[in-house]
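> Can you read through this structure? Questions will come right after.
Any read-out appearing in this document is the output of simple, stated calculations on the displayed coordinates, not a laboratory observation. Nothing here was measured: the structure is a model prediction, and the numbers come from that model. Every residue, glycine as well, gets a Cβ built from its backbone with ideal geometry; the counts of neighbours run over all protein chains shown.
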Amino acid sequence: MSLRLHTLPTLPGVVRPGCKELLCLLVITVTVSPGVSGVCPTACICATDIVSCTNKNLSKVPGNLFRLIKRLDLSYNRIGLLDSEWIPATLGKLNTLIIRHNNINSISMGSFSTTPNLKCLDLSSNKLKTVKSAVFQELKVLEVLLLYNNHISYLDPSAFGGLSQLQKLYLSGNFLMQFPMDLYVGRFKLAELTFLDVSYNRIPVLPMHHLNSVPGKQLRGVYLHGNPFICDCSLYSLLTFWYRRHFSSVMDFKNDYTCRLWSDSRHSYQVLLLEDSFMNCSDSIINGSFHALGFIHEAQVGERLIVHCDSKTGSSNTDFMWVGPDNRRLVPDEEVENFHVFHNGSLVIENPRFEDAGVYSCIAMNRRRLLNETVDVTINVSNFTVNRSHAHEAFNTAFTTLAACVASIILVLLYLYLTPCPCRCKAKRQKNMLNQSSAHSSILNPCPANDAPADERKAGAGKRVVFLEPLKDTAAGQNGKVRLFPSETVIAEGILKSTRVKSDSDSVNSVFSDTPFVAPS
């Protein structure tokens, strides 16, 4: 075998490079390459765009890393503080950063300014106690954040502010005492968050009134098992509702949802939350919770009702269909009697009737993820006007009773405070009695007062004869006593006003004396 060497023809005007020129080009390439792409540190293992520096006793990130890496693993080292200089160079292509099992106890603002394109950040199994305000604000495209197995007891409401693309957040195995409701409501809520793991924390109760307003596509990814819940019928209703909707957070961890019942002030025991035999919750309480969760709707005859299909599949790229109690299909753009379905899955019932009541099933089919879900909603129809008439009658009865009571009180007050003064009444009564006594005196006096001389009447004008003597029920004619007022049973009081003259003194004494009265023969 012979080896033939052929020289390449040289084109006119082209200079053939010599050996010196080729050597210089090689030296320049070797010199520039480390500055652009870096080299693999001696303590790490590199594979194209992946660098693993695990369990190398590192306290900081090596400075000569390959600039175009996409995945960096720094697990099982001694990194303690994340500040603005903990990564010495900008890693613009890095999308996965793993720093689990280190000694990280604090995160400063600007710690991730050199890794702006992270999509997955793993800070699990460290020593974090709090998550301060806006420490992740540079990570605009972050989708997964792992903070489980730390010592976190407090989350600042704005701790995850700016993470508009965050979809999964792992907070399991921490010391949280409250459910992080700021992730779903308020200024810093995360609209794309569909997975939240707060299992095995120290959360005793849940904010039920806020959780009821969270969309189903977010609720289905909330994992709460392993918390020391206090037994409560509203919590039982919530988990039962999730179980009926086949949420994997409850279906897969059914036996890990427990609560604590207190037998007395000192002793308690744990029971399974989803066991009917232990939770003595009435149907009214459960149905009340289902009302709040959107599982039961109340409609009034003649009033428009809108029912939303709260599906866990979401509304984008999703087809909706409703099935009525009579197995009638209700689809968008097709009006059937008084029913209409919108493309977002909402069912509208115009002028509901009694026969429209029943269980309606919303079927949501997501074309992109090939998922489907059926949501059952109970609609009750009642007549508001009838209920209002009954309420009006009850109101009238109550108002009449109240008015009668007020009128009675007013009459009693009028009787007590507007009665004439007792002094005036007594004076008037004495005046009447005086007149009556004068009449009786004129009857008892044998000589009329008008027959007396004028000088004698003048002499006796200033004299008064008063007799105060208790009258007793005696036999008729006893000792000649005369009873002036036969109808009275109290002390007889008489004031006899008359003129006395010498000629009739004996007759007066004979009438009012204790001696028997003898008629002349």
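> Taking the mean number of other Cβ atoms within 10 Å as a proxy for protection, how do you rank 403-411, 109-117, 139-147 from highest to lowest?
Listed from highest to lowest mean packing, they are 139-147, 109-117, 403-411.
> Whole-Hz ³J(HN,Hα) for each residue in the stretch 326-341, computed from phi via Karplus 6.51 cos²θ - 1.76 cosθ + 1.60 with θ = phi - 60°, x for glycine and proline: what do you get?
Result, ordered by residue: 9, 6, 8, 7, 10, 10, x, 6, 10, 8, 10, 6, 9, 10, 8, 10 Hz.
> Taking amide H atoms as placed 1.01 Å from N in the peptide plane, list the residues 5 or more away in sequence, or in a different chain, whose amide H sits under 5 Å from that of Phe66.
Residues meeting the amide H criterion: Val39.
> Determine the gain in length on full extension of the stretch Glu143-Asp156; use 0.36 nm per residue of separation and subtract their C-alpha separation, reporting nm with one decimal.
That pair, Glu143 and Asp156, stretches by 2.7 nm at full extension.
> Kindly state, to the nearest 0.05, the FRET efficiency for Phe399 paired with Lys254, given R0 = 60 Å and r defined as their beta-carbon distance.
Rounded to the nearest 0.05, the efficiency is 0.65.
> Are any of the pairs Lys60/Lys129; Lys140/Lys189; Lys70/Lys168; Lys140/Lys254; Lys189/Lys217 more than 26 Å apart by Cα-Cα distance, and if so, which?
Listed pairs above 26 Å: Lys140/Lys254.
> Can you give the FRET efficiency for His246 and Leu413, using 1/(1 + (r/R0)^6), R0 = 60 Å, r = Cβ-Cβ distance, to the nearest 0.05?
Working from the Cβ atoms, E equals 0.30.
> Using 0.36 nm times the number of residues separating Ile230 and Met181, minus their current alpha carbon distance, what extension gain do you get?
15.8 nm
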